[in-house]
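Reading through the structure tokens given below for one structure.
The values are calculated or read from the model by the stated rules, or taken from the named source; none is laboratory data. Values in this document were obtained by computation on a predicted structure and should not be read as measured data. Every residue, glycine as well, gets a Cβ built from its backbone with ideal geometry; the counts of neighbours run over all protein chains shown. In case anyone asks, the SASA skips ligands and DNA or RNA and just uses the protein heavy atoms, side chains included. Shrake-Rupley method; radii C 1.70, N 1.55, O 1.52, S 1.80 Å.
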Amino acid sequence: VNLGGWLVQEKWMTPLDSGGLADTYSVMKELDRRFGVATEQALMKTYQDSWITTTDLDNIRAGGYNCVRVPVWWGNFYALDNVSNSGWRSDAFTQLDWVVNNAGARGLYVIIDMHGVVGGQSLSDTTGQANRNEYWVNGSHQGNTAWMWWQIANHFKGNGTVAGYDLINEPIGAPSASAVWSAYDSLYKSVRSADPAHMIFLEGAYGNWNWNM
């Protein structure tokens with residue numbers, strides 16, 4: 001069961017506002033502008049604490065399922081205005097630890113799915129920040145994404161509830177199949193340098209949903 005709209009809001013299933021906010025990034029920046037970063041983060045946490053609860057996990061288990069997929073994006077881990085080691089959020093693992101602990105208590109596995117790499121892997125709002133698609137041509141974005149994945153893998157290494165890591169969700173903005181494989185190779189090595197055991201998922205899509213690769 002995919003826990004969509006929780007840590008990455010997607011407007012097709014979680015309407016963001018009555019105006020023109022396009023994505024999770026826009027929501028957070030608007031709240032920053034109006035109330036400040038601390039209040040924005042508190043409001044986002046209130047939303048997240050309410051959107052998925054233990055009742056949902058109970059219902060998933062009662063339905064006969066054994067795994068939940070958790071979409072995340074770089075804004076869950078880095079400050080929006082400081083994507084660097086020093087900008088790593090102190091609450092980066094609060095919600096992931098909650099879902100892993102509570103899913104594990106119910107016999108559910110967890111797949112961590114990177115819906116939005118730093119810079120974005122397509123123009124889609126599902127990356128957390130629409131209209132970017134800059135990951136493929138920016139070495140800084142690639143390095144910060146690799147470091148983010150290292151942190152995630154290091155945090156969850158040895159955790160039997162975590163089924164595995166999906167490195168890049170829907171990398172359809174890639175300029176070529178080789179660009180996708182190059183990214184996967186880099187991120188795979190980053191994860192494996194911290195965590196030798198968990199499964200790693202590689203999504204076979206780029207361009208106009210070309211599944212031939």
Residue check for Gly173: touching a Ser or Thr at 6+ places or on another chain (Cβ under 8 Å), outside any helix (DSSP H, G or I) and either more than 30 Å from Thr55 (Cα to Cα) or touching a residue at least 60 places away in the same chain (Cβ under 8 Å) (or both): yes
Note on the stretch 26-36: residues touching a residue at least 24 places away in the same chain (Cβ under 8 Å) and either touching a His at 6+ places or on another chain (Cβ under 9 Å) or open to solvent by 50 Å² or more (accessible area, probe 1.4 Å) (or both) are Lys29
By residue number, the members of the stretch 40-97 that are among the hydrophobic types (A, V, I, L, M, F, W, C), open to solvent by 60 Å² or more (accessible area, probe 1.4 Å) and either assigned to a loop (DSSP other than H, G, I, E, B) or under 30 Å from Tyr135 (Cα atoms) (or both) are Leu43, Trp51
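Step by step: first the residues of the stretch 1-25, then only those that are among the aromatic types (Phe, Trp, Tyr) and open to solvent by 30 Å² or more (accessible area, probe 1.4 Å), then the one that is nearest to Gly107 (Cα to Cα). Which residue is that?
Step one: list which residues in the stretch 1-25 are among the aromatic types (Phe, Trp, Tyr), which gives 6, 12, 25.
This time we only want the ones that are open to solvent by 30 Å² or more (accessible area, probe 1.4 Å), so: 12, 25.
On the way: Trp12: 30, Tyr25: 33 Å.
The qualifying residue nearest to Gly107 (Cα to Cα) is Trp12.
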Among the residues of the stretch 98-108, is any open to solvent by 10 Å² or more (accessible area, probe 1.4 Å), under 30 Å from Arg33 (Cα atoms) and over 11 Å from the mean Cα position of the chain (by Cα)? yes
How many residues of the stretch 108-136 are out of contact with any Lys or Arg (no Cβ under 9 Å at 6 or more places or on another chain) and either more than 20 Å from Leu202 (Cα to Cα) or among the charged types (D, E, K, R) (or both)? The answer is 5
From the option list Lys157, Lys189, single residue qualifying as open to solvent by 50 Å² or more (accessible area, probe 1.4 Å), touching a His at 6+ places or on another chain (Cβ under 8 Å) and more than 21 Å from Leu21 (Cβ to Cβ) is Lys157
